[in-house]
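S.K.: One structure coming up, written as structure tokens, with questions to follow.
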Amino acid sequence: MATTDLHEAHIYEVLDTVKDPEIDTVSIIDLGMIERVQVNDGHVRIEVLPTFSGCPALTIIQQNIEKAVAQLKNVLEVDVAFINSPIWTSDRVTAKGRDGLKQFGIAPPPQFLKKDGSWHVDCPYCGSTYVTIENIFGPTACRSILYCKSCKNPFEAMKLISTSM
Amino acid sequence: MSKEVTPEFKKSVITLLYQLADDDYLFSYRGSEWLGLAPHIEEDVAFSSITQDTMGHAKLYYTLLEELGEGNSDSLAQLRPKEERGNSLLVERPNGEGYYKEAPNYDWGYAVARNYIYSTAKKAKIEALKVSSYGPIQEIATKISAELYYHQMHWTTWFTQLFTATEESRSRMSSALEEVIKDAGDLFSFGELAPSLSTTFELIESEEAIKERWFTIIKPTFETVKITVPELPTPTINGRNGQHTDDLTSAIETMSEVYRSDLAASW
């Protein structure tokens, strides 16, 4: 690599190694949190969409991004900015991200709301549709608590977030 | 996106942001005092999550104020005296008799009634803010709206169930709602600057238009539980103009205790 060679593609590669601090099977790219990466003479600006407003992991994510990108050759400065437009929506989670969530035992976010405002996900362990929502709210802002009546496992699901809500 | 930034426009934006921020901040504080006391563990998880989201909403507004040169967002939340606060009376009221750390004698019916009224009013405002003339507020409103969706659904479920469960729960909810409505006079007020916030700068719809939105939101629920939609009283004291009770003073003192213990610390 030439000394001045620093491309956005390199930044994206590194960002894919920055995992959700609580879910090590998904990266911040898998979650659809990265909106824009700009590289200008060693100055890197990364625009990130916060998932939930009150998420305490955001500061950790910011630090982890800075640390990871700063290790790249020829990086002089890293600027991580959280932006509010567009907003993060759960359909930004990629196919790889949905698989990663399942691996961790978390059902990926449902694709759509039903007419009555409810939604449905399948059990991430056995795939059964025979599940009940125990609590829309879970251990973190982005997750709900469910129970699978087929394999008798409690599990979590990532909440649906869309601009139409 | 936004209109020309005249000092008057900026003043109106700042006034509105303080009202929105202080409302959510105090609402979160009162919610945090319920931690470990909710009727069952699922509710403890839910209420904490809602409280955390709402604190995030306050943070979004305080950050916009910081960007407008009002000072550090943490200090804005923690250090401003009550006379400078723009929150409504409803959110500064204590949860009930007693003190959190000693013998809290809180009323769950009151919590449900207050949170239902607050969340539906917030929904009405957020809908109006989605078309605000000030771009940054408009963006935040869309984000808050998605999270608020779950809060509103949650409190509507409790409100409906407690109103329709037993005679006792219905009568306790009726008195709780009455208490809440007594304090809701300034909920839809924008205070002295109301004309500039809505008519002049179109930052938010008029007080009347938002009340209409609110009525549309709550009507089906009130019909389901078969009660008449209450008339909001004329505010005797108006939080939007910095008029507050001593309940707010003690809330700020408690909430900022740790922050004030070391103002130079990085939190």
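S.K.: When the helices in the protein assembly as shown are scored as -39500 (n - 2.57) per DSSP H run of 4 or longer and the sum is shared across all residues, what 222 nm value do you end up with, to the nearest 500 deg cm²/dmol?
M.R.: Calculated at 222 nm, the ellipticity per residue is -15000 deg cm²/dmol.
S.K.: In what sequence do B:R85, B:R93 fall when counting other Cβ within 10 Å, fewest first?
M.R.: Lowest count first: B:R93, B:R85.
S.K.: Turning to a different aspect of this structure: If the stretch B:161-235 were replaced by its equivalent ellipsoid, with semi-axes equal to the square roots of 5 times the Cα gyration tensor eigenvalues, what would those be, largest first, whole Å?
M.R.: Its equivalent ellipsoid spans semi-axes of 31, 14, 7 Å.
S.K.: Count the DSSP beta bridges whose two residues both fall in the protein assembly as shown, then state the antiparallel fraction as a percent rounded to the nearest 5.
M.R.: 70
S.K.: Per-residue Cβ counts within 10 Å, from other chains only, averaged over B:143-156: what number is that?
M.R.: 5
S.K.: Ratio to report: Rg/Rh of the stretch A:74-165, with Cα atoms as the point set and Rh obtained by the Kirkwood method; give two decimals.
M.R.: Using Cα coordinates only, the ratio equals 1.08.
S.K.: Only loop residues by DSSP count here, and only those with at most 10 other Cβ atoms within 10 Å; note down the trypsin sites (Lys or Arg not before Pro) in the stretch A:7-77 that meet that.
M.R.: A:K73
S.K.: List the relative contact order of the stretch B:36-189 as a percent without decimals, with contacts defined as Cα pairs under 8 Å and 6+ residues apart.
M.R.: Values: 111 pairs, mean separation 36.4, N = 154.
Normalised by residue count, the contact order of the stretch B:36-189 is 24 percent.
S.K.: While we're here: How big is the stretch B:1-113 along each principal axis, measuring the range of its Cα positions in Å and listing the largest first?
M.R.: 51, 27, 24
S.K.: Continuing with the same structure: Length gain on complete extension for the stretch B:L68 to B:D44, per 0.36 nm per residue less the alpha carbon to alpha carbon distance?
M.R.: 5.0 nm
S.K.: Taking every pair of distinct Cα atoms and averaging 1/r, then inverting, what Kirkwood hydrodynamic radius in Å comes out for the stretch B:70-197? Present the calculation step by step, with values, prior to reporting the outcome.
M.R.: Working: mean 1/r = 0.0595 Å⁻¹.
It works out to 16.8 Å.
S.K.: What per residue convex hull volume, in Å³, do the alpha-carbon atoms of the protein assembly as shown yield?
M.R.: Per residue, the Cα convex hull of the protein assembly as shown comes to 159 Å³.
S.K.: Sort B:212-220, B:257-265, B:98-106, B:122-130 by packing, meaning the average of other beta carbons within 10 Å per residue, with the highest value first.
M.R.: In descending order of packing, they fall as B:122-130, B:212-220, B:98-106, B:257-265.
S.K.: Taking beta carbons within 10 Å but only from partner chains, what does the mean come to for residues A:54-66? Please list the in-between numbers first.
M.R.: Working: counts 14, 3, 3, 0, 1, 0, 0, 0, 0, 0, 0, 0, 0.
Across A:54-66, the average partner-chain Cβ count within 10 Å equals 2.
S.K.: So if I average 1/r over every pair of distinct C-alpha atoms in the stretch A:1-79 and take the inverse, what Kirkwood radius in Å does that give? List each step's numbers first, then the result.
M.R.: Numbers: mean 1/r = 0.0777 Å⁻¹.
Mean inverse Cα-Cα distance, inverted, gives 12.9 Å.
S.K.: Counting residues in chain B as N, plug N into 2.2 N^0.38 Å and put the Cα Rg over that result.
M.R.: Ratio of Rg to 2.2 N^0.38 Å for chain B: 0.98.
S.K.: Also: Just tell me how shielded A:148-161 is by partners: mean number of partner chain Cβ atoms within 10 Å of each residue's Cβ, no decimals.
M.R.: Rounded to a whole number, the mean comes out at 1.
S.K.: May I pose another question? Percent relative contact order of chain A, based on C-alpha pairs within less than 8 angstrom and at least six residues apart? Kindly include the intermediate steps, with their values, before the conclusion.
M.R.: Working: 296 pairs, mean separation 31.0, N = 165.
It rounds to 19 percent for chain A.
S.K.: Turning to a different aspect of this structure: Considering only DSSP states other than H, G, I, E and B, which GluC sites (Glu not before Pro) in the stretch B:10-76 qualify as loop sites with at most 13 other Cβ atoms within 10 Å?
M.R.: Passing both the DSSP loop test and the Cβ count: no residue.
S.K.: Would you mind giving the three semi-axes, in whole Å and largest first, of the ellipsoid equivalent to the stretch B:114-267 according to its Cα gyration tensor?
M.R.: Semi-axis lengths for the stretch B:114-267 are 28, 23, 18 Å.
S.K.: For the protein assembly as shown, can you list the cysteines whose C-beta has no other cysteine C-beta under 4.7 Å from it?
M.R.: Isolated Cys, the protein assembly as shown: A:C55, A:C142.
S.K.: Work out, in µm²/s and without decimals, the Stokes-Einstein translational diffusion coefficient of the stretch B:1-66 at 37 °C, 0.692 mPa s, Rh from Kirkwood over C-alpha pairs.
M.R.: 247
S.K.: Along the charge dipole of the stretch B:29-140, which of B:A124, B:Y62, B:G86 sits closest to the positive end, that is, farthest toward it, with unit charges on the beta carbon of Lys, Arg, Asp and Glu (+1, +1, -1, -1)?
M.R.: Farthest along the dipole direction, towards plus: B:A124.
S.K.: Would you mind putting A:85-95, B:195-205, B:55-65 in packing order, based on average other-beta-carbon counts within 10 Å, highest first?
M.R.: Taking the mean over residues of other Cβ atoms within 10 Å, the ranking is B:55-65, B:195-205, A:85-95.
S.K.: Tell me, what is a quarter of the convex hull surface for the C-alpha atoms of chain A, in nm² with one decimal?
M.R.: Convex hull of Cα atoms, orientation-averaged projection: 10.1 nm².
No value in this document is a laboratory result; all are computed from the given coordinates. Computed from a predicted model, the values in this text were never measured in an experiment. Note that each Cβ is placed from the backbone with ideal geometry, even for glycine, and that neighbours are counted across all protein chains shown.
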